[in-house]
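Take a look at the structure set out below.
The values are calculated or read from the model by the stated rules, or taken from the named source; none is laboratory data. Please read all numbers here as calculations on a predicted model, not as lab measurements. Virtual Cβ from ideal backbone geometry, glycine too; neighbours counted across all protein chains shown. All accessible areas refer to the heavy atoms of the entire protein, side chains included, with ligands and DNA or RNA removed. Shrake-Rupley method; radii C 1.70, N 1.55, O 1.52, S 1.80 Å.
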Amino acid sequence: MDLKGRVSLPAAFRQTIDIRSGSPKVASGLGRTLRMTFNAALKCIEVSDGLQIAETEEQMNAHAVRVSEQTGELVGDVLDRLEAETYPLMKDVNFDTAGRMVLPDRLRAKAQIGNDAFFVGRGRRFRIWSPEVLRAVAGGESGDVLEEMEDLLAKRKERG
């Protein structure tokens with residue numbers, strides 16, 4: 001993390017996002033947009049790419065229609081509630097061709113991310129952790145992930 005709150009999205013993540021953003025479901029221009037939200041249970045930032053955003057919105061719309069049919073509520077009202085529950089503190093962030101992006105201050109503070117940010121791929125999404133928080137959260141990630149993080153931090157420390 002630099003002084004301006006910028007981090008670099010790992011190259012492997014950028015490759016995956018580039019591939020996934022080629023889907024016709026991803027709106028033009030949103031290939032380099034990431035949706036970030038705070039995961040209150042794990043105390044980390046949860047991140048979705050353009051395809052995951054589109055798929056989640058599609059599922060939420062369909063669910064809102066079903067709820068509306070059952071309850072008589074307006075679809076828009078149901079959708080507003082679902083979005084508020086699904087994306088607390090939601091922020092859309094763009095990254096440049098080098099993968100640089102700014103982590104929003106509020107999300108960074110909630111996730112207690114200081115100088116170091118550790119990225120963990122989770123299939124359709126990924127998480128950004130403070131190493132200190134990741135160490136403290138029981139069951140947050142596997143032992144192998146924790147071991148990899150510690151190895152990377154030790155190598156960085158050796159380089160100075």
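Computed from the Cβ-Cβ distance with R0 of 30 Å, the FRET efficiency linking A154 to A98 stands at 0.75.
Dividing the Cα radius of gyration of segment 77-160 by 2.2 N^0.38 Å, with N the residue count, gives 1.30. Any chance you could give the angle, 0 to 90 degrees and rounded to 10, that helix 143-159 forms with the longest Cα principal axis of the chain? Compared with the principal axis, the helix lies near 50 degrees.
Anything over 24 Å Cα to Cα? Flag those among K4/K91; K110/K155; K4/K110; K4/K25; K110/K157, in the order listed. Among K4/K91; K110/K155; K4/K110; K4/K25; K110/K157, the Cα-Cα distance tops 24 Å for K110/K155; K4/K25; K110/K157. Summarising the label geometry, the points placed 7 Å from Cα in the beta-carbon direction at R81 and T16 lie 3.4 nm from one another. Here the translational diffusion coefficient of the chain follows from Stokes-Einstein with Rh set to the Kirkwood radius across Cα pairs; for 25 °C and 0.890 mPa s it amounts to 144 µm²/s. The angle between the Cα long axis of helix 75-86 and the longest principal axis of the Cα atoms of the chain comes to about 20 degrees, rounded to the nearest 10.
Remark: the S23-L89 segment gains 21.1 nm on full extension, using 0.36 nm per residue and subtracting the alpha carbon distance.
Would you check the accessible area of V65, probe 1.4 Å, heavy atoms only, in square angstrom rounded to 10? About 60 Å², rounded to the nearest 10. Segment 123-160: which trypsin sites (Lys or Arg not before Pro) are DSSP loop and have at most 14 other beta-carbon atoms within 10 angstrom? Filter output for segment 123-160: R124. For segment 1-59, trypsin sites (Lys or Arg not before Pro) meeting the loop criterion (DSSP other than H, G, I, E, B) and having at most 13 other Cβ atoms within 10 Å: K4. A dipole drawn for segment 1-137 from +1 and -1 charges on Cβ atoms has a positive end, and of S23, G76, A11 the residue lying farthest that way is A11. Computed per residue of the chain from DSSP H runs no shorter than four, each worth -39500 (n - 2.57), the mean residue ellipticity at 222 nm is -14000 deg cm²/dmol. Taking all protein chains as they are arranged and a probe of 1.4 Å, the heavy atoms of T37 leave approximately 20 Å² accessible to solvent.
Dipole check for the chain: with +1 at the C-beta of Lys and Arg, -1 at the C-beta of Asp and Glu, and the Cα centre as origin, the magnitude is about 560 Debye.
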